[in-house]
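Only one structure is covered here, and it is reproduced in the block below.
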Amino acid sequence: MNVTAIQSRPFLPPKDDLYAHMNESVTRLPERSVLAVSSKVVAIGEGRCVLPPENADPIAFKDALAEKEADLYLPRDLDAPYTRSTITNGSFIGSAGIDQSNGNGYFILWPQDPMRSAREIRAHLAKRHGLKELGVIITDSKSSPLRNGVTGMTIGYAGFHAQRDYRGQPDIFGRLLKFERLNIADSLAAVATLAMGEGDECTPFVLIEDAPNVTFTETESADPFLSLAVPLEEDIFAIFLQNAPWQKGKRGK
């Protein structure tokens, strides 16, 4: 697998031209490759940036934004002092994915509809580069329980199956696998986030070539077990998630 970070000019909030930057920076895009795109530059391209009022308390302002953007959120008095635990677009994510880093004073939200954004980016790139088999992922970084630091996750994808299904296949001793699925989308996002970095690298695009286990397709699987997100009540961590005192955010109403 070959992973190449692609540098770009800085994206300037509150709105910048995603496609102009992408056309300028992504000059080589082979067949059967996957392009990872930072959720932050997609959001800036959509104008999803909010400037706080002068003298606003940044934590309180971010909290209010997170409550609007989240499907579910935890009350502030039960949460960490520097973030809000939320469920947004089917993902467990701090503060609904809202971030100030590389925002030049703006709070940058998640793209409005990451799956739609991924499909639109893929359609643009496939036409521009004359490709039939192309994957696109929109990535963000996330914290994980009991771990320092962040890793990558996919919040939107297009052009490939999010999972590789091993159910019904034998393991090395012939035992048929019953539950195993490999999360392709998030695995690619983890690699891409490593290449992108988290600081001033200005590498919002990552080209992934010759990735194993990727099945390119324009058709989504109808099997819910092969989708990226899992309903809260069916999650293996439901015993923790369902017992939390969630409140509905505006997106969840």
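The values are calculated or read from the model by the stated rules, or taken from the named source; none is laboratory data. Only a predicted model underlies this, so the values are computations on that prediction, with no experimental measurement involved. When we count neighbours, we look across all protein chains shown, and the Cβ atoms used for this are built from the backbone with ideal geometry, even at glycine. For accessibility, only protein heavy atoms count, side chains too; no ligands or nucleic acids. Shrake-Rupley method; radii C 1.70, N 1.55, O 1.52, S 1.80 Å.
In the stretch 1-117, taking the dipole from charged Cβ atoms about the Cα centre, the farthest positive-side position among Pro30, Gly45, Gln7 is held by Pro30.
Evaluated over the Cα positions of the chain, the convex hull gives a direction-averaged projected area, one quarter of its surface, of 14.9 nm². Lys-Lys pairs in the chain that are eight or more residues apart or on separate chains and whose Cα atoms lie under 23 Å of each other come to 17. Where only DSSP H runs of four or more residues are counted, the chain gives -7000 deg cm²/dmol as its mean residue ellipticity at 222 nm, each run worth -39500 (n - 2.57).
Overall, the accessible surface of the stretch 8-133 at a probe of 1.4 angstrom is composed of carbon and sulfur to the extent of 52 percent. Surface exposure of the stretch 19-174, expressed per residue as accessible area with a 1.4 Å probe, stands at 48 Å². Backbone geometry of the stretch 146-153 corresponds, through the Karplus equation with coefficients 6.51, -1.76 and 1.60 at θ = phi - 60°, to 3J(HN,Hα) couplings of 6, 9, 6, x, 10, 10, x, 9 Hz, x marking Gly and Pro. Kirkwood radius and radius of gyration were both taken over the C-alpha atoms of the stretch 7-131, and their ratio Rg/Rh is 1.03.
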